[in-house]
Amino acid sequence: MKLKDKSIVVTGASSGMGKAMVELFAKEGASVVAVARRKERLEDLAASLKDAPGKVAVFVGDVSKREDCEGMIDLAVKEFGRLDVLVNNAGVMDDMAPIAQVTDEKYDQVMAINVYGPLAAMRKACQVFLSQGKGGNIINVSSVGSMHQAAGPVYGASKAALNAMSRSTAFMYKADGIRCNVIAPGGINTEIASAMGRPNMDGYQKVGPVLALSPAPGEATDIANAALFLASDDSAYVSGVILEVDGGWTSF
């Protein structure tokens, strides 16, 4: 088992990529704190993995709130004795509105979940890693939208900010044994697009030609497999990397 005895926090765990990560990590022997807002889904996930080699603890929380970002890590330390890996997976899309039509409300929502949440969680995780004195591992889930026009400007900016925070963290804490890497998914079959609601049609039509170049969508398990590599000791010499898992979309 690649993650035997590792303590891991995964946000956005009630569906999609986060759920797939929790399932795979638990089967690989990890003790996982599964974080999301939907309590029933988290409890169903934990119940489905009761016979897995690893353990699953549930934390109902909103990653846009500092106290929840800190609380989920405190739970990992309380339940499992330490923290080894933080996976910031929770995210939300914008509505693809061009910059002249972006609302303050949409900007605040996207930045709170996609930027401030990971920042608060990374800050707390690094404090714990440093106190433990044994290094640590952060995996942030970004998007190809951070690198080319696959979404709106607010979403792209939020994920570009996440990329920058990740590389800075890898650089600043390399002497402390703390690794930080990014997974940048392309089109993946999850709920994120449907959760967006009705897109801004002006922006959607402009982005359309880029979306048309996307390969067939990948599955949440494709991202979970990449996360397993980065969470395990197989990637011990990998840090500061943005791993594009997009079927070759960004190579076009």
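Note on segment 116-163: residues that are within 28 Å of Ala236 (Cβ to Cβ) and open to solvent by less than 50 Å² (accessible area, probe 1.4 Å) amount to 26. Here Val110 clears all of (1) farther than 15 Å from Val35 by Cα; (2) modelled with pLDDT of 95 or more; (3) open to solvent by 30 Å² or more (accessible area, probe 1.4 Å) except the condition numbered (3).
When the helices (runs of 4 or more DSSP H) confined to segment 128-212 are screened for residues that are at pLDDT 90 or above and among the β-branched types (Val, Ile, Thr), those reaching at least 2 such residues are found at 153-172.
Quick check on segment 37-47. Is at least one of its residues free of Cβ contacts under 8 Å to residues at least 60 places away in the same chain, surrounded by fewer than 19 Cβ atoms within 10 Å (Cβ to Cβ), touching a helix residue (DSSP H, G or I) at 6+ places or on another chain (Cβ under 7 Å) and more than 19 Å from Leu230 (Cβ to Cβ)? No, segment 37-47 has no match at all. Whether any residue in segment 45-56 is among the acidic types (Asp, Glu) and farther than 21 Å from Ile192 by Cβ is what I want to check. The answer is yes; a qualifying residue exists.
In the set (1) of a type in the set (A, V, I, L, M, F, W, C); (2) outside any helix (DSSP H, G or I); (3) under 18 Å from Ala125 (Cα atoms), Cys69 fails one condition alone, (2). Among the residues of segment 206-220, those that are crowded, with 16+ Cβ neighbours inside 10 Å and under 16 Å from Glu244 (Cα atoms) comprise Ser214, Gly218, Ala220. Met96 is checked against (1) open to solvent by 30 Å² or more (accessible area, probe 1.4 Å); (2) in a loop (DSSP other than H, G, I, E, B); (3) closer than 27 Å to Ser14 by Cα and fails just one. What number does that condition carry? Here Met96 meets the rest and fails (1). Would you mind stating whether Asp51 is assigned to a loop (DSSP other than H, G, I, E, B) and acidic (Asp, Glu)? Yes. Residues that are crowded, with 21+ Cβ neighbours inside 10 Å and of a type in the set (Ser, Thr, Tyr) within segment 166-205 comprise Ser166, Thr169, Thr190, listed in sequence order.
The values are calculated or read from the model by the stated rules, or taken from the named source; none is laboratory data. What you see is a predicted model; the values in this text were computed from it and never measured. Every residue, glycine as well, gets a Cβ built from its backbone with ideal geometry; the counts of neighbours run over all protein chains shown. Just the protein is used for accessible areas: all its heavy atoms, side chains included, with ligands, DNA and RNA removed. Shrake-Rupley method; radii C 1.70, N 1.55, O 1.52, S 1.80 Å.
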